[in-house]
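Throughout, read-outs are computed from the coordinates displayed, never taken from laboratory work. Note that the coordinates shown come from a computational prediction; the quantities given were computed from them, not determined experimentally. A quick note on method: Cβ atoms are made from the backbone with ideal geometry, for glycine too, and the neighbour counts reach across all protein chains shown.
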4 protein chains.
Amino acid sequence: MIKVGIVGGTGYTGVELLRLLTQHPEVKIQAITSRTEAGMSVADMFPSLRGRVDLKFTTPEDAKLTECDAVFFATPHGVAMSQAKELLAAGVKVLDLAADFRLKDIAEFQKWYGMEHSCPDILAEAVYGLPEINRDAIQKARVVGLAGCYPTSVQLGLAPLLSPKATGGKQLIDGEHIISDSKSGTSGAGRKAEIGTLMAEASDNFKAYGVKGHRHLPEIVQGLKAIAGHEQIGLTFVPHLTPMIRGIHSTLYVRLTEAGKAVDYQKLYENFYKDEPFVDVMPAGSHPETRSVRGSNGLRIAIHRPGNGDTLVILVVEDNLVKGASGQGVQCLNLMFGLPETMGLTQIALLP
Amino acid sequence: MIKVGIVGGTGYTGVELLRLLTQHPEVKIQAITSRTEAGMSVADMFPSLRGRVDLKFTTPEDAKLTECDAVFFATPHGVAMSQAKELLAAGVKVLDLAADFRLKDIAEFQKWYGMEHSCPDILAEAVYGLPEINRDAIQKARVVGLAGCYPTSVQLGLAPLLSPKATGGKQLIDGEHIISDSKSGTSGAGRKAEIGTLMAEASDNFKAYGVKGHRHLPEIVQGLKAIAGHEQIGLTFVPHLTPMIRGIHSTLYVRLTEAGKAVDYQKLYENFYKDEPFVDVMPAGSHPETRSVRGSNGLRIAIHRPGNGDTLVILVVEDNLVKGASGQGVQCLNLMFGLPETMGLTQIALLP
Amino acid sequence: MIKVGIVGGTGYTGVELLRLLTQHPEVKIQAITSRTEAGMSVADMFPSLRGRVDLKFTTPEDAKLTECDAVFFATPHGVAMSQAKELLAAGVKVLDLAADFRLKDIAEFQKWYGMEHSCPDILAEAVYGLPEINRDAIQKARVVGLAGCYPTSVQLGLAPLLSPKATGGKQLIDGEHIISDSKSGTSGAGRKAEIGTLMAEASDNFKAYGVKGHRHLPEIVQGLKAIAGHEQIGLTFVPHLTPMIRGIHSTLYVRLTEAGKAVDYQKLYENFYKDEPFVDVMPAGSHPETRSVRGSNGLRIAIHRPGNGDTLVILVVEDNLVKGASGQGVQCLNLMFGLPETMGLTQIALLP
Amino acid sequence: MIKVGIVGGTGYTGVELLRLLTQHPEVKIQAITSRTEAGMSVADMFPSLRGRVDLKFTTPEDAKLTECDAVFFATPHGVAMSQAKELLAAGVKVLDLAADFRLKDIAEFQKWYGMEHSCPDILAEAVYGLPEINRDAIQKARVVGLAGCYPTSVQLGLAPLLSPKATGGKQLIDGEHIISDSKSGTSGAGRKAEIGTLMAEASDNFKAYGVKGHRHLPEIVQGLKAIAGHEQIGLTFVPHLTPMIRGIHSTLYVRLTEAGKAVDYQKLYENFYKDEPFVDVMPAGSHPETRSVRGSNGLRIAIHRPGNGDTLVILVVEDNLVKGASGQGVQCLNLMFGLPETMGLTQIALLP
């Protein structure tokens, strides 16, 4: 059994980790910390866990995290980097659900997150937690910076178009003018008392936000560059707040090059993802629905080329709290400990 | 492995049975029938099942249901009774999610469902599928008429007040003036093309319906009489359509007798349900939420006695498609085949 | 033109007052105050008002409220009572949307709202703002404590059963055992940053709250006693949080006396409300929907007597922000200034 | 008073016309027809109209539509063209909310709507009902084919970039590669019994549809060509079903030409729409919300140029049933009869 600790389990990624790890046959949750809620039963905060999770929140001090095999950070940005050093020294593997170990460029990190990076050396060794792209590195990693929710959907939606493995090195699309029109449920904003995500504000309403610049933009661009193996990537990223709880739908638009017009994209995608247990390339003409992955670690993709023209439309759905966060975390944990990648992640989506 | 057939799997109880049975370690789904959709892949209708369920809908003729060990009817009222005889003759156990085997009084059945009952003899032997009340009989049953969604919440919410086992035969409440104010998500209306449950009609809206008389009223009254062991039961039942997908919340009001005023109801309920794996009596003062059981087979109860007066308020929540339908069906299946009662039913509720 | 000031316009009752008063032909909004938002354009906070409302929030000091004809308090409890004296001295009429002038019993006020009452003399003269019950007094009032949202629905739903004017002094119901099972949209919780009313918490969910005791309980009981003209009133009041924005649905249950069983309640209600412009007694057998009054000042009632038994069920719907708050405020304003009662309140409900 | 008839008032555009026209000071609704519901009171179908609309549905025969001044068709496609001739002959003006008089190219109409066009001559004289673009022609029109819901948002969002009046004839954008990522509430699908728009299917869910080709695509392209005055227009249009009742949000992406990079688009848009009563160009950096126009005839636009690059992002919101349908119809009616354009259309949006 792998002994796992969770730092900061009072948010949505925290309760989702608890749901998944409780059902994982090879994991024992050792401790879950929350300084503000120390002493409170986890099931008192999240009644869905009554009868299933017996833990109480503890202070970080009492949690003895250094005795764990792995520690998840389900915390605000900046917490993981302040504790990673000690944990690594004790031989504990670290998985961060926040952004501390995502952006490789420290200046970019500081610009977008408004704080100094306190451990550039650990950042340097950290692996970006997107298994379908980075599987080998994750298997050997001591520190994983899990991919963000939007970035997971956009990168997996575009990878077959950019990865030399798939394209044979040909330039199929105008990579400098990619558009991602992304829509997220309100759980993506976290379990935080804020007016903008109140039910009375956000339901029966739809709006874009962060059009000027969103923290996930540099992360996605960094990822796409890594996938493509070159720097010629430009992205317009427009996130939208959608009146639902869970789910991300990214609608991606790319312009095909002359070479790109000759390709069968259905086949390209199916081939690229044929061995991936969590990525489903749907039949041509499909329209994936967010609910088809609600509560599951799946991500579904459909490819369209309207009027057989030079614009390709890729539709991608995921559950932002599972494949976009905690489920992906468990997937990486499985890889890091040599377990079957799907272990504990076989829940079927809840529909309706 | 138990070979299971599903008749009529195109509705919400059908897809929910598929979700649960697919994850059941001792069940093999043999066939799923739909005359109108025969030949269609189940996963094409319910994309949540893509990659997890390989079945196609078949005609009843091709399904070879008589070779199954058990057959679920997830059909409109009237179908199960037309096929039960042949199945039973072949040694197949029958579980009906519709109402064919719920009401013991044939005249009542005909009055509320507007059709003749075609097999009164089978009805006579059928067992009412509410395990917490009827466990022993279910274990030996060949035919189970599964309890309705509202009736499950109301009966389990009231049983400790009426069952002589709990009350010691004392009359604690005025059983002739029970009130059940019940609220259901719109999935309770089924996967049927109707204007009243369109999103544009039912969301951001709340209303009562069927106040004059609802089919679940006679079922609940029959159940309460059986639990109480006497006929002095009167119920005012008001169902309400609630703008959510899943979930039932029943708010029950009973008047205490003089004898009833002396009882500690928190203790009474905790004691009554102490060995039940799926019934959670919450701490005094709690307010159960429907989402705390979303997707799970749990049912949660909280007891209130405002101002320590003579009115007792019992709050009950369940997922109408799980504990109120398909989950209860699997629970009965486990009992009928001698399996652990919780097998295949350990999913944790999806929150948020 | 009546010069109107609004104190504390950053909440939902504030924006609703602005919507209604802007369309009122005899009102000029003089000032709207918010200490925290002073200087901000109202339309920047509430984009629905762009192009229609030109005001900025001002400090109370700059608002010159004493120069108004009437001032609304759309503030937290406790603010109105601290400013009423000065306004009244200046000849300004006061309408409070909070609870400062609702409860006549100071001890009750202090118990439920946790603060001293700072002006018992003004409270003594204040009139309870429920026009259908108190029309004459409101017309002459200098200070109106507007009825709460739940209390409006419950009192108007029960008045015909208790008012001697309607009953001829006969006791038709067991007034000591009234049950109000009430459901409210989440806007009733106000425009406040809180976790419990986040979209990700409150949507696709249903729960009761405050069963032990809710501030509206003493207000309703006080109102029912005044309507009945006696003290023998007992109420069990259970509010529920409903996943919608606007709307209250109260389901009321009363037990008929022997005398009460002989009455035609449809006729009784129709007669009682026959001249009321905002109360609609629906045809027998109806199920009112909250959306049928969304955005309007109407309140609809339907009466049921299931099985012609001794339990009467009354269904009441209103928009909690209009008839339950700001619309009722405008209705009272009209009365206080001798205007037609429906002036500025003729909006038709928004459906769908 | 203008005598108005409504053909086919049982859908959402019908009830919305009733809401608006009832509050219009210069309109008298003469008749509303529905063959299937003839004899039924309109207020029985739409309880929001109880006490406000006294009409009954009548058969077309009884409606004496030829005695009206104007007739609205709130019907399925194909009805208006079958009755227009007779009405025009009687001097009645015709406004069609369906698609019979939108597409000028008969072959296109037949391809997308699957029916012959029965009156090409009337189509030839019909005016496209988008007042901000076509005001003069509408004023003189006998027949108006009202713009579709999506097309209104896309055309008004793009007009300043294409209209020679605004651009001075310069080519500012790559007009052959315009992208419209549009999101609509489910009322856009109409009041029709269908599984896909059930609350249990469409809420807490998000999906694209019609990516291969949607009927609004040729309408938008036709409109953009007319605005631009040339044929070099290419559009990728992806509609999405959004879990809300009302509202359309179109997110438009265009690539700037070299000449286009020098333009101040905030100023361009503000100037283009400076005299339009229903179009609001929001301040730079804004994110319009659909609820800010809920129930109103307003349309709001915000312009973004992320990173000051060569991609322009235009955000547009409208209420699909008002500015996208019935409100626009009333706006055209006002123009056709020489009334002030905003008459009867001054409702403020309902927020929250």
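Legend: Rg and Dmax of segment C:223-352, from Cα coordinates, 16.0, 47 Å. Shown for segment C:1-155 is the translational diffusion coefficient from the Stokes-Einstein equation, using the Kirkwood radius over Cα pairs, a temperature of 37 °C and a viscosity of 0.692 mPa s: 206 µm²/s.
Placing +1 on the Cβ of every Lys and Arg and -1 on the Cβ of every Asp and Glu, with nothing else charged, gives segment C:1-139 a dipole about its Cα centre of roughly 360 debye.
From the square roots a ≥ b ≥ c of the eigenvalues of the alpha-carbon gyration tensor of segment B:142-206, which class results: rounded (a/c under 1.5), prolate (a/b over b/c), or oblate? Oblate. The Cα-based radius of gyration of segment D:150-319, divided by its Kirkwood radius, gives an Rg/Rh of 0.98.
Only helices enter the 222 nm calculation for chain C: every DSSP H run of n ≥ 4 contributes -39,500 (n - 2.57), and dividing by all residues gives -8000 deg cm²/dmol, rounded to 500. Residue-normalised convex hull volume from the C-alpha trace of segment C:199-256: 113 Å³ per residue. Using a simple spin-label model with pseudo-atoms 7 Å out from Cα toward Cβ, C:Lys225 and D:Lys111 lie 7.7 nm apart.
Shielding by partners for peptide A:40-51, expressed as the average number of C-beta atoms from other protein chains within 10 Å of each residue's C-beta, is 5. Remark: label point of D:Lys140 defined 7 Å out from Cα along the Cα-Cβ vector; separations to the same position in other copies 6.6, 7.8, 9.1 nm, ascending. Think of chain C as having a plus end and a minus end, set by charges on the Cβ of Lys, Arg, Asp and Glu; of C:Ser48, C:Asn271, C:Gly234, C:Ser48 sits farthest toward the positive end of this dipole.
Listed by Cβ neighbour count within 10 Å, with the fewest neighbours leading, C:Arg135, A:Arg215 appear as C:Arg135, A:Arg215. Legend: ranking of residues B:Thr197, C:Thr13 from fewest to most surrounding C-beta atoms inside 10 Å; resulting order B:Thr197, C:Thr13.
Label-point spacing at D:Met45 relative to the other copies reads 3.2, 4.2, 5.2 nm, in ascending order, each point sitting 7 Å out from Cα along Cα→Cβ.
With the largest listed first and rounded to whole Å, the semi-axes of the equivalent ellipsoid of segment C:300-352 from the Cα gyration tensor are 31, 14, 9. Mind running the shape call on segment C:245-293? Use the C-alpha gyration tensor, a ≥ b ≥ c as the square roots of the eigenvalues: rounded below 1.5 for a/c, prolate if a/b tops b/c, oblate otherwise. The shape class here is oblate.
This model, with +1 at the C-beta of Lys and Arg and -1 at the C-beta of Asp and Glu, gives segment C:59-190 a dipole about its Cα centre of some 400 debye. The relative contact order of segment B:150-319, computed from alpha carbon pairs under 8 Å that lie at least 6 residues apart in sequence, is 29 percent.
Sequentially through segment B:256-273, phi angles give Karplus couplings (6.51, -1.76, 1.60; θ = phi - 60°) of 7, 7, 4, 4, x, 5, 8, 8, 8, 6, 4, 5, 4, 5, 4, 5, 4, 9 Hz, Gly and Pro residues having no value and appearing as x.
Indicate the gyration tensor shape class of segment B:158-244 (rounded, prolate or oblate), computed on the Cα atoms with a ≥ b ≥ c the square roots of the eigenvalues: a/c under 1.5 is rounded; otherwise a/b larger than b/c is prolate and the rest oblate. Judged from the Cα gyration tensor, segment B:158-244 comes out prolate (a/c at least 1.5, a/b above b/c). Relative to the Cα centre, the charge distribution of chain D, modelled as +1 at Lys and Arg Cβ and -1 at Asp and Glu Cβ, gives a dipole magnitude of about 340 debye. Candidate cross-link partners of C:Lys28 among the lysines, defined by an alpha-carbon separation under 17 Å and a same-chain spacing of 8 or more, comprise C:Lys3, C:Lys56, C:Lys64, C:Lys93. Taking every C-alpha pair closer than 8 Å and separated by at least 6 residues, the mean separation divided by the residue count of chain B gives a relative contact order of 17 percent. Cα-based values for the protein assembly as shown, radius of gyration first and Dmax second, are 31.8, 92 Å. A label point on A:Glu194, set 7 Å along the Cα-to-Cβ line, lies at 2.0, 3.4, 3.9 nm from each of its counterparts in the other copies, closest listed first. Sorting A:Tyr128, C:Tyr253 from the fewest to the most surrounding beta carbons within 10 angstrom yields C:Tyr253, A:Tyr128. Here the Gaussian network model covers chain D, with springs between Cα atoms less than 10 Å apart; of D:Gly169, D:Gly298, D:Gly327, D:Gly169 fluctuates the most. Averaged over the residues of peptide A:304-311, the number of Cβ atoms from other protein chains lying within 10 Å of each residue's Cβ is 5.
With a threshold of 30 Å on the Cα-Cα distance, the over-threshold entries among B:Lys212/B:Lys267; A:Lys140/A:Lys192; A:Lys225/D:Lys165; D:Lys192/D:Lys212 are B:Lys212/B:Lys267; A:Lys140/A:Lys192; A:Lys225/D:Lys165. With viscosity set to 1.002 mPa s at 20 °C, what whole-number translational diffusion coefficient in µm²/s follows for chain D from Stokes-Einstein and a Kirkwood radius over Cα pairs? So the translational diffusion coefficient is about 104 µm²/s. Positive end of the dipole of chain D (Cβ unit charges, origin at the Cα centre): among D:Leu97, D:Val313, D:Ala38, the Cα lying farthest that way belongs to D:Val313. Projecting the Cα atoms of D:Gln139, D:Leu21, D:Thr346 onto the dipole axis of chain D, where Lys and Arg carry +1 and Asp and Glu carry -1 at the beta carbon, places D:Thr346 farthest toward the positive end.
As a calculated quantity, the FRET efficiency between D:Ala137 and D:Thr36 at R0 = 35 Å, using C-beta atoms, amounts to about 0.50. Highest GNM mean-square fluctuation among B:Asp264, B:Asp174, B:Asp96, for chain B modelled with Cα contacts below 10 Å: B:Asp264. With contacts taken as Cα pairs under 8 Å at a separation of at least 6 residues, segment B:18-172 carries a relative contact order of 15 percent. Comparing A:Leu130, A:Leu88, A:Leu315 in a Gaussian network model of chain A, where Cα atoms under 10 Å apart are tied by springs, the biggest mean-square fluctuation is seen for A:Leu88. Residue and distance for the chain C Cβ closest to the axis that moves C onto B, in whole Å, come to C:Asp181, 2.
Eigen-decomposition of the gyration tensor built on the alpha-carbon atoms of segment C:99-146 gives equivalent ellipsoid semi-axes of 21, 11, 7 angstrom, largest listed first.
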